[in-house]
Amino acid sequence: MALPYPFAVQSVVTLVLLGAPLSALGERYAVWRLVGLAGLCGGLLIAVTFVPVRRLPRWGQALFLLGQVALTALAQVLAPAPLLDYVYLALVLQAIALFPPWLWIPFAVGVYAVWSGMLLVATANLIDWLQGNLTLAFPVTCAIIAAIFYLRQQRRSEQVQHMLQQVQQRYDALAAGVREAQQRIMLEERHRLGQTIIGDVQAALSRTEQSVAVALAQAQSNLSRVEAAVSQTRAAAASAVERLRATVATLRQGTVEPPPGDSPLATVTPSDEPVIARPLNRVLTWVLPAVFLVLTISSAALEGPLVSGAFGMLLAWAAVLLLAYVTTQLISQPLLIQVGLAAQSVAILALAQLAHTLTPLLGLLLVLWQVAVRLPPRQIVLHLAGLLVGITVLAAYWGPERFDHNALLISTVTAAAVGGPLLMGRRQLERRKQTELRLALLNAEIEQQMAEVRMLAVAAERARLAREVHDDLGSRLVLVHLQLQLAEDLAAEDAEAALEQVRESREQLHLAWRSMLAVADAELPVRGAELRRALEELAASAVAPPCVTLILDGELEEVSDALACTIYRTVQEGVTNARKHSRATRVEARVVNLGGYVTVTVTNDDPGGAEPAASRPGSGESFGLVGLRERAEALNGGMEAGPLPGGGWWLRVVLPTEGV
């Protein structure tokens, strides 16, 4: 069950409401009054334990607290037990946990007015009323400051924990959706490349097509100018081919810079924040001991007249306390801090003995404050044990007539109201620092993983684009170049045949343009059902040697689209390389689907038996073979290529049909 209030506040409120009826047992009240007090305190305890007050609207929270004020005032009328004063403090602590300062401060003033008025009515004596105020002022001040410190750390810890949960969710989403993140980044890179590199290639194609159109127009008006027009057009086509090669080289060999990504949801730097902020700590260093000493001396004066010697001793021990307190604030060595705290404890016990009242013992809250804030956990236990021993000795010396069960209850409640929030706030601070460190590490890991995902996605998209541009557009431009070369050879002998070749080259340019748009949109060039027809058209598109022989064996219509694309690109690469880089007169392309594997073999009869060095980048393979190997490996297949022993060139790709 979730508590209505933060744990420290809930604990103090519960302790006060349980102790209030017990503190009335030593008083001579009628039984019905005690039963009424117990009933009211029990009702308040049930309300603050089970009412989900933080879920109520602001006006509902205000009414809830005002109802508690009314019930507490009624309990004070029935049986003004000593611990009822701390029930009012519990109300203020609840308001601090629920409201901003501009609301809880007026509420606290109103609660004080109700308590003070009820106290004045109960005592009917101004001196007793003033002494009651002095007795309660210091512990209430310490408890409110401790609660504010605890709640501030609680809220900041919740904020950091919420930030950690958000970043953890993002980390989990990243781990579960790496594929989606890669797809998104690939689309972004595809769009960016479409506006730069693809645009340049399309511009080169457009210039080539315009050159072809101009050549056709000139040749049709004057057949004698066909040769010059074809030469000019061929030069434009050669420029487009060079631009294509440069584009593929840029995509393959260019440095991959990760594109900018989204920043983490939260960026937190682990802090070395002290338990209490330094400006506030400096204020408390002087305010708390000053308030305590003023209250102690005033309370001693109200208790009874002090002789000059006793008053001098009181001032002397007050000076010792102040000196020990200030000195303790200036040192950082744990052992010396222990000595300073021990000196303060002795001075406070001496003040209590000289003043003949329990009020100075509240100064031990000052020591408890420093113990909770400055000492390591083991030393806290040791020092608290020493304080208990000192209080026990003093109680034994005074006897039960001055140190009764009410004094024990009040000491327990005040110690819990001050020390509890401070210790828990300190724990919250330490946990928050650990959370901030974890958050910073998680942010760094997310940034690193996102950078890796971005780089891999960008590299994958560039490799895909390089493959498609080289395999599809490259083969079409090679065909255009061959057609224009043939047209140039025919121009002097048969102008009409030359013009026909130019017209066909223009059609190829149209196809190249559409191919470029498909590449930019990541469309597959061929589907499984279209594979046989596409391969036959590819083999029949030869306009000059070498002659292409196509052999298809097995069912090809049922293969997946990705597999069909790779088969098509393999045959296309083998034919294109034979046209570009060899003196082959014959090319044989064989596609066999047998035993769960598709084997694509392309051979040519080049007498040189090897690709020219110009086709091989620094990796030892042409860009086309690099892309083909990547395609095969992506489908769990493999590729081999090399010269044949008797002359010629051999290219083989083996692809599994299952699971693709």
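The values are calculated or read from the model by the stated rules, or taken from the named source; none is laboratory data. Computed from a prediction, not measured in an experiment: that's the story for all the values here. Don't worry about glycine lacking a Cβ; one is built from the backbone with ideal geometry, like all the others, and counts go over all protein chains shown.
Across region 124-174, which residue is nearest to residue 436 (Cα to Cα) among those that are at pLDDT 85 or above and β-branched (Val, Ile, Thr)? Per the criteria, the residue is 148.
Considering region 31-64 alone, what residues qualify as being in contact (Cβ under 8 Å) with a residue 12 or more places away in the chain, assigned to a loop (DSSP other than H, G, I, E, B) and surrounded by 12 or more Cβ atoms within 10 Å (Cβ to Cβ)? Across region 31-64, the qualifying residue is only 51. A Cβ distance below 7 Å, combined with a sequence gap of six or more or placement on separate chains, defines the contacts here; from region 587-600, residues that are on the phi > 0 side of the Ramachandran plot reach residues that are assigned to a strand (DSSP E or B) in the pairs 596/656. For region 2-30, a residue qualifies if it is part of a loop (DSSP other than H, G, I, E, B) and under 19 Å from residue 424 (Cβ atoms), and the qualifying residues are 2, 3, 4, 5, 6.
Exactly one residue among 96, 127 is crowded, with 16+ Cβ neighbours inside 10 Å, in contact with a helix residue (DSSP H, G or I) (Cβ under 9 Å, 6 or more places away or on another chain) and among the aliphatic types (A, V, I, L, M), and that residue is 96. Per the conditions (1) assigned to a helix (DSSP H, G or I); (2) at pLDDT below 80, the sole criterion not satisfied by residue 420 is (2). Per this entry, residue 476 is not counted among residues that are of a type in the set (D, E, K, R), out of contact with any strand residue (DSSP E or B) (no Cβ under 8 Å at 6 or more places or on another chain), at pLDDT 70 or above and in a helix (DSSP H, G or I). In region 315-343, the residues that are at pLDDT 85 or above reach residues that are among the aromatic types (Phe, Trp, Tyr) and in a helix (DSSP H, G or I) with C-beta atoms within less than 8 angstrom, at least six apart or across chains, in these pairs: 340/325. Just the residues that are under 18 Å from residue 93 (Cβ atoms) and small (Gly, Ala, Ser), please, taken from region 11-68. Correct list: 11, 19, 20, 47, 62, 67. Restricting region 23-58 to residues that are under 26 Å from residue 150 (Cβ atoms) and touching a helix residue (DSSP H, G or I) at 6+ places or on another chain (Cβ under 6 Å) leaves a set whose member that is modelled with the lowest pLDDT is 23. If only residues of region 19-36 that are aliphatic (A, V, I, L, M) and within 12 Å of residue 82 (Cβ to Cβ) are counted, the one that is nearest to the chain's Cα centre (by Cα) is 20.
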